[in-house]
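Visitor: Can you read through this structure? Questions will come right after.
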Amino acid sequence: MPPRRRGASGYRGVRQRPNGSYYVEIRSDDVRLGLGTFRTAHEAARAYDAAAWRLDRPRVQMKFQDVHTRQQAQDVAPPPRLITDQDRGEHARLQRRLLIAKEDERAMAEWRRRHPDDVADEQAYWAKQTTKRREERLDRRRRKALALSQCDIVENGG
């Protein structure tokens with residue numbers, strides 16, 4: 001069996017993300033343990049080693065030989081977060097929603113391109129509604145001010 005490939009980071013289980021951070025995960029049987037995102041590949045590799053110690057992996061699988069005990073390994077990195085099937089399902093659901101939203105945006109852009117008269121009519125309608133609401137608000141304010149001024153006249157004995 002050929003040796004496992006190492007990514008661009010140079011460490012097994014460590015992947016570089018497009019934003020420059022490093023994500024690390026380790027497998028245990030059929031479960032994938034996501035260990036988190038780190039600023040450097042070195043930090044991510046340390047987290048991988050700590051998880052390997054916790055999983056009782058042989059020392060030859062460790063990336064750094066300066067960790068000699070499980071306690072030292074636990075001090076190096078936080079405990080791993082389990083990525084479950086439920087997490088994967090939630091991620092897939094969110095991706096579908098995002099895809100639907102993108103498709104909706106694309107369809108609306110196509111509709112606006114094909115029906116510019118409808119777009120202009122809709123904009124005119126909403127401009128008219130906005131103007132109407134503003135006028136109603138101003139009228140209410142005028143009537144309120146008039147009512148308050150009449151109350152002041154009555155109170156002052158006018």
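Visitor: Go through the residues of the stretch 38-55 one by one and say whether even a single one is β-branched (Val, Ile, Thr) and modelled with pLDDT under 80.
Guide: No, every residue in the stretch 38-55 fails to be β-branched (Val, Ile, Thr) and modelled with pLDDT under 80.
Visitor: Right, next: Answer with yes or no whether residue 49 is buried (at least 16 other Cβ atoms within 10 Å of the Cβ), more than 25 Å from residue 88 (Cβ to Cβ) and not basic (Lys, Arg).
Guide: yes
Visitor: Name the single residue that is nearest to residue 70 (Cα to Cα) among those in the stretch 1-37 being at pLDDT 80 or above and among the β-branched types (Val, Ile, Thr).
Guide: Among residues in the stretch 1-37 that are at pLDDT 80 or above and among the β-branched types (Val, Ile, Thr), the one nearest to residue 70 (Cα to Cα) is 26.
Results for (1) of a type in the set (Lys, Arg); (2) modelled with pLDDT of 75 or more; (3) not assigned by TED's automatic domain parsing to the domain that holds residue 44, shown as yes or no for each residue.
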{"site": "64", "(1), (2), (3)": "no, no, no"}
{"site": "70", "(1), (2), (3)": "yes, no, no"}
{"site": "90", "(1), (2), (3)": "no, yes, yes"}
{"site": "94", "(1), (2), (3)": "no, yes, yes"}
{"site": "98", "(1), (2), (3)": "no, yes, yes"}
{"site": "106", "(1), (2), (3)": "yes, yes, yes"}
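The values are calculated or read from the model by the stated rules, or taken from the named source; none is laboratory data. Values in this document were obtained by computation on a predicted structure and should not be read as measured data. Ideal geometry is used to build each Cβ from the backbone, glycine not excepted, and the neighbour counts take in all protein chains shown.
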